[in-house]
Each structure stands twice: as C-alpha cells, then as structure tokens.
Amino acid sequence: MAISCTIIEDLDQYVTCSINNNGDIMYITIVYAKCHVHLREELWDNIKNFAEGNTSPWMVVGDFNFIIDLEENKGGVAHNISKSMAFINCILDSGLIDLGYSCSPFTWCNGCEPRRRIWARLDRALANSEWIQAFAETSIENLVRTSSDHSPLLISISNPQTEPKKYFRFLDFWTKQQGFMQVVEDAWKIQVEGGPMWKFYFKLKNVCKRLSYWSNNTIGNIFDKNKELQSKLEEL
C-alpha cells in the first residue's frame with residue numbers, strides 16, 4: 001500500500017494535507033482556532049472557500065474554540081448561542097457533518113476548583129459527504145486529558161466499542177410524506193421564554209427531536225431498509 005502526504009496549506013489557524021492512497025486523493029485539515037472571535041472569521045472563510053472547489057473526501061478536525069450546542073458546555077456563564085452562528089453557518093455552507101464522538105462529552109476544562117470549573121466540547125471532527133461515503137465507519141473517541149487542558153481525539157475507521165453520539169440529519173424526502181408539515185408546526189408552536197435567539201434555538205432543536213421521533217415511528221430506519229434492498233439486489 002503506497003500512501004503519501006503533502007502539505008498544501010500551512011497557515012496560522014490550520015494546516016491542510018493532501019493524502020494520496022494508491023491514486024485516491026483525500027484531504028485532512030487540522031485546525032487550531034485563535035482565542036479571539038474576530039480573528040476566526042478568516043478561518044471560517046478559508047474553510048468555505050476550500051469546500052467550494054473540492055469534490056474529494058475531506059475531514060476537518062481540531063480545536064475550533066467554539067461550541068454549537070448549549071449541551072456542549074457545563075459550568076460558568078450560560079453560553080449565548082448567537083456567538084456560535086458564524087461557526088454553525090461555516091459548517092452548513094461547507095457541507096460538513098459533525099462525526100459525533102464516544103466517551104466524554106467534553107474535550108476541554110479550565111482546571112479551576114469545582115465551583116469555578118468549566119467544561120466544553122471545543123474539539124471535534126467534521127467531514128463532507130464524500131468522506132462519509134468513502135469511510136462510513138469513521139469514529140471519534142474523546143480520550144482522557146493528561147498534560148493538556150484539551151482531550152486528544154482518537155480517529156478510527158473501525159466501529160468503537162461504545163455507541164457514538166449521533167447528530168440530526170434532515171432528509172429531503174420527509175417533505176413529501178403525509179404528516180410532515182403537521183409535525184413541524186406542532187413542534188414550532190411550543191412556548192419558550194427568553195430572548196429571540198434562545199427561542200429560535202430551542203424551537204429548532206424541538207423540531208429536530210420531533211421529526212426524528214416521527215420518522216422512526218412512521219417510516220422506520222431508512223438506512224437499515226437501504227441495506228436490506230442492497231442485499232436483495234445483490235442476490236438478484
């Protein structure tokens with residue numbers, strides 16, 4: 001097996017490598033985002049620009065210094081989700097998907113005494129659809145912190161022993177199913193107290209949960225059905 005790795009971009013906040021695996025090209029971008037919010041704007045723009053011209057498998061992994069869900073933070077002042085919108089939009093615009101994780105839900109700790117301690121998931125791995133198609137069994141394990149305030153991430157293409165946390169994915173065919181709009185409307189009508197951004201975040205999260213429940217109970221697991229049909233096709 002002939003594998004070669006070439007650095008094609010080496011900037012302050014990330015390094016992108018081109019990996020040639022017997023003629024198959026893939027890319028990995030290793031991120032170390034700056035601490036100040038305004039300095040990360042260039043990083044988000046560069047990620048989106050790379051995504052526009054790329055059709056090969058691509059993983060983006062590292063310390064993004066941001067959370068994308070309120071559940072990814074514990075302790076300290078409540079996080080304002082509006083501060084994460086630039087990062088969230090970068091993920092969406094780039095067609096990237098969070099690969100989830102197993103083990104600890106947090107990858108960073110400030111190391112303070114218990115009453116001042118803060119935990120957060122600042123490190124993650126994202127991938128485009130081409131990567132997921134090529135390496136469907138990619139898993140991320142958040143290892144134990146040792147000498148650093150961050151946990152190392154162990155990336156593997158084999159299934160982990162523990163079930164990884166899975167993230168919501170919207171399926172286009174849902175919109176053509178009977179009852180879809182009713183589920184969305186009922187979920188969005190939930191009463192929420194707080195500021196506009198908090199209301200939007202909570203309503204959107206509620207819609208995701210309701211759609212997942214509705215799909216599993218009325219349509220079933222389409223991924224298992226797809227595998228069954230593929231097996232039948234192979235038999236034929």
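Numerical summary
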| quantity | calculated |
| --- | --- |
| Subset of region 80-121 (residues that are of a type in the set (Asp, Glu), touching a residue at least 24 places away in the same chain (Cβ under 8 Å) and open to solvent by 40 Å² or more (accessible area, probe 1.4 Å)) | 93 |
| Number of the condition not met by residue 178 [criteria: (1) part of a loop (DSSP other than H, G, I, E, B); (2) modelled with pLDDT under 85; (3) not aromatic (Phe, Trp, Tyr)] | (2) |
| Residues of region 202-236 satisfying the condition of being more than 24 Å from residue 184 (Cα to Cα) and either open to solvent by less than 50 Å² (accessible area, probe 1.4 Å) or part of a loop (DSSP other than H, G, I, E, B) (or both) | 236 |
| Residue within region 13-25 that is open to solvent by 90 Å² or more (accessible area, probe 1.4 Å) and at negative phi present | yes |
| Check on residue 76, in a loop (DSSP other than H, G, I, E, B) and under 11 Å from the mean Cα position of the chain (by Cα) | no |
| Residue 39 open to solvent by 60 Å² or more (accessible area, probe 1.4 Å), more than 22 Å from the chain's Cα centre (by Cα) and aliphatic (A, V, I, L, M) | no |
| Hey, residue 49 under 24 Å from residue 128 (Cα atoms) and loosely packed, with under 15 Cβ neighbours inside 10 Å or not | yes |
| Residue that is most open to solvent (accessible area, probe 1.4 Å) [pool: residues in region 52-79 that are without any contact (Cβ under 8 Å) to a residue 12 or more places away in the chain and within 22 Å of residue 130 (Cβ to Cβ)] | 52 |
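The values are calculated or read from the model by the stated rules, or taken from the named source; none is laboratory data. Bear in mind the structure is a predicted one, so any value in this text is a computation, not a measurement. No Cβ is skipped: glycine too gets one built from the backbone with ideal geometry, and neighbour counts run over all protein chains shown. Note: accessible area is taken over every heavy atom of the protein model, side chains too, but ligands, DNA and RNA are not part of it. Shrake-Rupley method; radii C 1.70, N 1.55, O 1.52, S 1.80 Å.
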